[in-house]
Amino acid sequence: EKRESPRPPPIDPRQRSGGGNTKTRATRTRAKMADRGGFGRGFGDRGRGRGRGRGRPRGRKEEENVWVPVTKLGRLVQQGKIKSLEQIYLFSLPVKEHQIVDHFLGPSLKDEVMKIMPVQKQTRAGQRTRFKAFVVVGDENGHVGLGVKSAKEVATAIRGAITLAKLNIMPIRRGYWGSKLGDPHTVPTKVTGKCGSVSVRLVPAPRGAGLVAAPASKKVLQMAGIEDVFTCSTGQTKTMGNFVKATVDALNKTYAFLTPDLWKETKLVKPPAQEFTDVLAKPASGAPKVEEAPAL
(Lines give C-alpha, C1' and ligand atoms only; values in the text may rest on other atoms or scores of the structure.)
Protein backbone atom coordinates (compact mmCIF):
# COMPACT_ATOMS: atom_id res chain seq x y z
CA GLU A 1 0.00 0.00 0.00
CA LYS A 2 1.16 3.46 -0.89
CA ARG A 3 1.39 5.91 1.94
CA GLU A 4 0.75 9.58 1.30
CA SER A 5 3.49 11.87 2.59
CA PRO A 6 2.13 14.57 4.89
CA ARG A 7 1.85 18.03 3.28
CA PRO A 8 4.02 20.80 4.79
CA PRO A 9 2.12 23.48 6.75
CA PRO A 10 1.43 26.76 4.85
CA ILE A 11 4.14 29.42 5.29
CA ASP A 12 3.18 32.84 6.53
CA PRO A 13 3.95 35.53 3.81
CA ARG A 14 5.64 37.64 6.47
CA GLN A 15 8.06 34.80 7.15
CA ARG A 16 8.90 34.47 3.41
CA SER A 17 10.34 38.03 3.27
CA GLY A 18 12.51 37.49 6.29
CA GLY A 19 10.42 38.01 9.39
CA GLY A 20 7.38 39.82 10.62
CA ASN A 21 9.01 43.27 10.95
CA THR A 22 10.12 43.55 7.26
CA LYS A 23 7.87 44.99 4.56
CA THR A 24 6.71 43.07 1.51
CA ARG A 25 7.66 44.18 -2.05
CA ALA A 26 4.22 45.74 -2.65
CA THR A 27 4.44 47.66 0.62
CA ARG A 28 7.91 48.99 -0.26
CA THR A 29 6.66 50.08 -3.71
CA ARG A 30 3.75 51.96 -2.18
CA ALA A 31 6.11 53.67 0.25
CA LYS A 32 8.38 54.83 -2.59
CA MET A 33 5.38 56.17 -4.52
CA ALA A 34 4.26 58.04 -1.43
CA ASP A 35 7.69 59.66 -1.19
CA ARG A 36 7.28 60.87 -4.80
CA GLY A 37 3.91 62.42 -4.09
CA GLY A 38 1.78 59.46 -5.14
CA PHE A 39 3.19 59.16 -8.70
CA GLY A 40 5.05 56.22 -10.13
CA ARG A 41 8.20 56.29 -12.18
CA GLY A 42 6.48 56.69 -15.54
CA PHE A 43 8.25 57.42 -18.84
CA GLY A 44 8.92 61.09 -18.27
CA ASP A 45 12.14 63.05 -18.05
CA ARG A 46 14.28 60.06 -17.07
CA GLY A 47 15.87 62.01 -14.26
CA ARG A 48 16.72 65.17 -16.22
CA GLY A 49 14.83 67.34 -13.80
CA ARG A 50 12.61 70.36 -14.29
CA GLY A 51 12.55 74.04 -13.52
CA ARG A 52 15.64 76.20 -13.35
CA GLY A 53 18.06 73.36 -13.84
CA ARG A 54 16.65 72.59 -17.27
CA GLY A 55 17.26 74.53 -20.46
CA ARG A 56 19.38 77.62 -20.94
CA PRO A 57 20.90 79.33 -17.89
CA ARG A 58 19.82 82.73 -16.69
CA GLY A 59 21.51 85.80 -18.11
CA ARG A 60 21.75 84.32 -21.61
CA LYS A 61 19.54 87.01 -23.17
CA GLU A 62 21.96 89.75 -22.21
CA GLU A 63 24.79 87.84 -23.87
CA GLU A 64 22.73 87.24 -27.02
CA ASN A 65 22.01 90.96 -27.45
CA VAL A 66 25.72 91.76 -27.63
CA TRP A 67 26.73 92.03 -31.28
CA VAL A 68 29.94 90.19 -32.15
CA PRO A 69 30.66 91.02 -35.83
CA VAL A 70 31.82 88.17 -38.06
CA THR A 71 32.77 90.19 -41.16
CA LYS A 72 35.46 92.81 -41.74
CA LEU A 73 32.79 95.38 -42.57
CA GLY A 74 30.98 94.65 -39.32
CA ARG A 75 34.17 95.11 -37.30
CA LEU A 76 34.87 98.48 -38.95
CA VAL A 77 31.30 99.63 -38.32
CA GLN A 78 31.38 98.58 -34.66
CA GLN A 79 34.69 100.39 -34.09
CA GLY A 80 33.36 103.58 -35.72
CA LYS A 81 35.69 103.59 -38.72
CA ILE A 82 32.74 103.73 -41.16
CA LYS A 83 30.48 106.71 -40.50
CA SER A 84 27.43 106.11 -42.74
CA LEU A 85 25.70 103.69 -45.08
CA GLU A 86 26.62 105.90 -48.04
CA GLN A 87 30.28 105.05 -47.46
CA ILE A 88 29.34 101.36 -47.83
CA TYR A 89 27.31 102.01 -50.99
CA LEU A 90 30.18 104.04 -52.51
CA PHE A 91 32.38 100.93 -52.65
CA SER A 92 29.50 98.47 -53.28
CA LEU A 93 30.41 96.44 -50.20
CA PRO A 94 28.11 93.48 -49.48
CA VAL A 95 26.22 93.78 -46.18
CA LYS A 96 25.98 90.33 -44.55
CA GLU A 97 24.91 91.40 -41.03
CA HIS A 98 21.64 93.17 -40.32
CA GLN A 99 23.17 94.79 -37.23
CA ILE A 100 25.13 97.08 -39.56
CA VAL A 101 21.86 98.64 -40.77
CA ASP A 102 20.56 98.82 -37.20
CA HIS A 103 23.73 100.64 -36.18
CA PHE A 104 23.10 103.48 -38.65
CA LEU A 105 19.29 103.54 -39.03
CA GLY A 106 18.12 101.83 -35.85
CA PRO A 107 15.63 104.30 -34.27
CA SER A 108 14.32 105.71 -37.56
CA LEU A 109 13.75 102.32 -39.23
CA LYS A 110 10.11 101.28 -39.75
CA ASP A 111 8.72 98.04 -41.13
CA GLU A 112 5.42 97.18 -42.79
CA VAL A 113 4.05 93.68 -43.49
CA MET A 114 2.68 93.87 -47.03
CA LYS A 115 1.30 90.36 -47.43
CA ILE A 116 1.24 86.93 -45.78
CA MET A 117 0.27 84.04 -48.02
CA PRO A 118 0.29 80.24 -47.62
CA VAL A 119 2.44 78.23 -50.01
CA GLN A 120 2.39 74.45 -50.39
CA LYS A 121 4.77 71.75 -51.49
CA GLN A 122 3.50 68.37 -52.67
CA THR A 123 5.10 65.42 -50.87
CA ARG A 124 4.43 61.68 -50.75
CA ALA A 125 2.50 62.12 -47.51
CA GLY A 126 0.37 65.00 -48.84
CA GLN A 127 0.99 68.75 -48.80
CA ARG A 128 3.43 70.68 -46.67
CA THR A 129 2.05 74.16 -45.94
CA ARG A 130 4.28 77.10 -45.09
CA PHE A 131 3.69 80.85 -44.77
CA LYS A 132 5.37 83.42 -47.00
CA ALA A 133 5.78 86.99 -45.72
CA PHE A 134 6.56 90.15 -47.68
CA VAL A 135 7.98 92.94 -45.49
CA VAL A 136 9.13 96.45 -46.50
CA VAL A 137 11.63 98.31 -44.31
CA GLY A 138 12.52 102.01 -44.65
CA ASP A 139 13.46 105.14 -42.74
CA GLU A 140 11.32 107.58 -44.84
CA ASN A 141 14.54 109.39 -45.72
CA GLY A 142 15.96 107.75 -48.83
CA HIS A 143 16.43 104.12 -47.74
CA VAL A 144 14.10 101.21 -48.45
CA GLY A 145 14.40 97.41 -48.62
CA LEU A 146 12.18 94.42 -49.34
CA GLY A 147 12.41 91.02 -47.63
CA VAL A 148 10.63 87.78 -48.54
CA LYS A 149 10.74 84.74 -46.24
CA SER A 150 8.86 81.43 -45.92
CA ALA A 151 8.54 79.51 -42.66
CA LYS A 152 6.28 77.04 -40.87
CA GLU A 153 4.95 79.75 -38.56
CA VAL A 154 3.79 83.28 -39.40
CA ALA A 155 5.84 84.97 -36.68
CA THR A 156 9.03 83.20 -37.80
CA ALA A 157 8.40 84.21 -41.42
CA ILE A 158 7.89 87.87 -40.46
CA ARG A 159 11.07 87.97 -38.36
CA GLY A 160 13.09 86.41 -41.17
CA ALA A 161 11.60 88.80 -43.73
CA ILE A 162 12.50 91.82 -41.59
CA THR A 163 16.11 90.60 -41.33
CA LEU A 164 16.33 90.04 -45.10
CA ALA A 165 14.77 93.46 -45.78
CA LYS A 166 17.48 95.10 -43.69
CA LEU A 167 20.16 93.25 -45.64
CA ASN A 168 18.56 94.34 -48.94
CA ILE A 169 18.15 98.01 -47.99
CA MET A 170 19.12 100.34 -50.84
CA PRO A 171 19.59 104.11 -51.27
CA ILE A 172 16.82 105.94 -53.14
CA ARG A 173 17.63 109.10 -55.09
CA ARG A 174 15.13 111.95 -54.86
CA GLY A 175 14.85 115.02 -57.04
CA TYR A 176 12.69 118.00 -58.03
CA TRP A 177 9.89 118.85 -60.41
CA GLY A 178 10.63 122.26 -61.89
CA SER A 179 12.53 124.70 -59.68
CA LYS A 180 15.03 123.35 -57.19
CA LEU A 181 13.64 125.05 -54.11
CA GLY A 182 13.55 123.31 -50.73
CA ASP A 183 14.30 119.65 -50.12
CA PRO A 184 13.98 116.97 -52.83
CA HIS A 185 10.41 115.70 -52.87
CA THR A 186 9.92 113.41 -55.91
CA VAL A 187 11.79 111.00 -58.18
CA PRO A 188 14.49 112.68 -60.33
CA THR A 189 13.42 111.08 -63.63
CA LYS A 190 10.82 108.74 -65.06
CA VAL A 191 11.73 105.20 -64.00
CA THR A 192 10.13 101.82 -64.63
CA GLY A 193 10.33 98.62 -62.59
CA LYS A 194 9.13 95.19 -63.59
CA CYS A 195 8.51 91.83 -61.92
CA GLY A 196 6.57 89.06 -63.59
CA SER A 197 3.74 90.59 -65.58
CA VAL A 198 3.57 93.68 -63.35
CA SER A 199 5.20 96.88 -64.59
CA VAL A 200 5.26 100.06 -62.48
CA ARG A 201 6.24 103.48 -63.84
CA LEU A 202 7.07 106.42 -61.59
CA VAL A 203 6.69 109.94 -63.01
CA PRO A 204 7.90 113.12 -61.23
CA ALA A 205 5.07 115.25 -59.84
CA PRO A 206 4.87 118.91 -58.71
CA ARG A 207 5.09 119.74 -55.04
CA GLY A 208 1.75 119.18 -53.33
CA ALA A 209 0.45 116.54 -55.74
CA GLY A 210 0.95 113.78 -53.19
CA LEU A 211 1.41 110.07 -53.90
CA VAL A 212 -0.95 109.19 -56.73
CA ALA A 213 -0.58 105.43 -56.39
CA ALA A 214 -2.30 102.24 -55.26
CA PRO A 215 -2.34 101.48 -51.51
CA ALA A 216 0.41 98.84 -51.78
CA SER A 217 2.87 100.94 -53.79
CA LYS A 218 1.93 104.02 -51.77
CA LYS A 219 3.30 102.44 -48.57
CA VAL A 220 6.56 101.54 -50.31
CA LEU A 221 6.96 105.09 -51.62
CA GLN A 222 6.25 106.51 -48.16
CA MET A 223 8.93 104.26 -46.68
CA ALA A 224 11.39 105.60 -49.27
CA GLY A 225 10.65 109.22 -48.29
CA ILE A 226 9.05 110.32 -51.57
CA GLU A 227 6.30 112.91 -51.11
CA ASP A 228 4.97 113.57 -54.64
CA VAL A 229 4.82 111.18 -57.59
CA PHE A 230 2.53 109.98 -60.37
CA THR A 231 2.38 106.23 -61.02
CA CYS A 232 1.24 104.03 -63.89
CA SER A 233 1.01 100.25 -63.63
CA THR A 234 0.16 97.42 -66.01
CA GLY A 235 -0.21 93.67 -65.63
CA GLN A 236 -1.69 91.53 -62.88
CA THR A 237 -1.28 94.05 -60.08
CA LYS A 238 -3.43 92.07 -57.65
CA THR A 239 -0.44 89.71 -57.33
CA MET A 240 0.81 91.62 -54.32
CA GLY A 241 4.31 90.11 -54.23
CA ASN A 242 5.17 91.04 -57.82
CA PHE A 243 3.53 94.47 -57.46
CA VAL A 244 5.69 95.36 -54.45
CA LYS A 245 8.83 93.94 -56.09
CA ALA A 246 8.20 96.01 -59.24
CA THR A 247 7.80 99.19 -57.16
CA VAL A 248 11.05 98.56 -55.27
CA ASP A 249 12.79 97.76 -58.58
CA ALA A 250 11.69 101.12 -59.98
CA LEU A 251 12.99 102.95 -56.90
CA ASN A 252 16.34 101.16 -57.12
CA LYS A 253 16.77 102.45 -60.69
CA THR A 254 16.72 106.08 -59.57
CA TYR A 255 20.52 105.96 -59.13
CA ALA A 256 21.02 104.04 -62.39
CA PHE A 257 20.20 107.08 -64.54
CA LEU A 258 23.20 109.40 -64.94
CA THR A 259 22.04 113.03 -64.91
CA PRO A 260 24.32 116.00 -65.69
CA ASP A 261 24.69 116.93 -62.02
CA LEU A 262 26.45 113.57 -61.53
CA TRP A 263 29.02 114.21 -64.27
CA LYS A 264 31.53 115.57 -61.78
CA GLU A 265 34.76 113.62 -61.57
CA THR A 266 34.82 111.28 -58.59
CA LYS A 267 37.95 111.38 -56.51
CA LEU A 268 39.19 107.84 -55.98
CA VAL A 269 39.96 106.92 -52.39
CA LYS A 270 41.04 103.69 -50.77
CA PRO A 271 38.31 101.20 -49.85
CA PRO A 272 37.76 100.69 -46.11
CA ALA A 273 39.39 97.25 -46.03
CA GLN A 274 42.58 98.75 -47.47
CA GLU A 275 42.48 102.00 -45.51
CA PHE A 276 42.06 100.31 -42.12
CA THR A 277 44.34 97.32 -42.65
CA ASP A 278 46.10 97.86 -39.33
CA VAL A 279 42.76 97.76 -37.48
CA LEU A 280 41.67 94.54 -39.17
CA ALA A 281 45.04 92.91 -38.50
CA LYS A 282 44.36 92.95 -34.76
CA PRO A 283 42.24 90.12 -33.29
CA ALA A 284 38.55 90.93 -33.05
CA SER A 285 37.26 91.81 -29.59
CA GLY A 286 34.80 89.27 -28.24
CA ALA A 287 35.89 86.54 -30.64
CA PRO A 288 36.67 83.12 -29.10
CA LYS A 289 40.36 82.48 -28.59
CA VAL A 290 41.77 79.57 -30.55
CA GLU A 291 44.36 77.58 -28.60
CA GLU A 292 47.14 75.92 -30.55
CA ALA A 293 47.50 72.19 -30.19
CA PRO A 294 50.71 71.06 -28.44
CA ALA A 295 53.41 69.72 -30.70
CA LEU A 296 53.80 65.97 -30.54
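The values are calculated or read from the model by the stated rules, or taken from the named source; none is laboratory data. Predicted model only: the values in this text are computed from it and were never measured. Backbone-built Cβ (ideal geometry, glycine too); neighbour counts: all protein chains shown. For accessibility, only protein heavy atoms count, side chains too; no ligands or nucleic acids. Shrake-Rupley method; radii C 1.70, N 1.55, O 1.52, S 1.80 Å.
Filtered by the rule that a residue be more than 30 Å from Arg75 (Cβ to Cβ), in contact (Cβ under 8 Å) with a residue 60 or more places away in the chain and loosely packed, with under 15 Cβ neighbours inside 10 Å, segment 113-152 gives a lone residue, Met117.
Considering only segment 260-268, I want to know if a residue exists there that is of a type in the set (A, V, I, L, M, F, W, C) and in contact (Cβ under 8 Å) with a residue 40 or more places away in the chain. Give the derivation first.
Going through segment 260-268, the residues of a type in the set (A, V, I, L, M, F, W, C) turn out to be 262-263, 268.
With the extra rule that they be in contact (Cβ under 8 Å) with a residue 40 or more places away in the chain, the set shrinks to none.
No: segment 260-268 contains no residue that is of a type in the set (A, V, I, L, M, F, W, C) and in contact (Cβ under 8 Å) with a residue 40 or more places away in the chain.
The residues on offer are Ser84, Ser92, and the sole one that is open to solvent by 50 Å² or more (accessible area, probe 1.4 Å), at pLDDT 90 or above, among the small types (Gly, Ala, Ser) and under 20 Å from Val269 (Cβ atoms) is Ser92.
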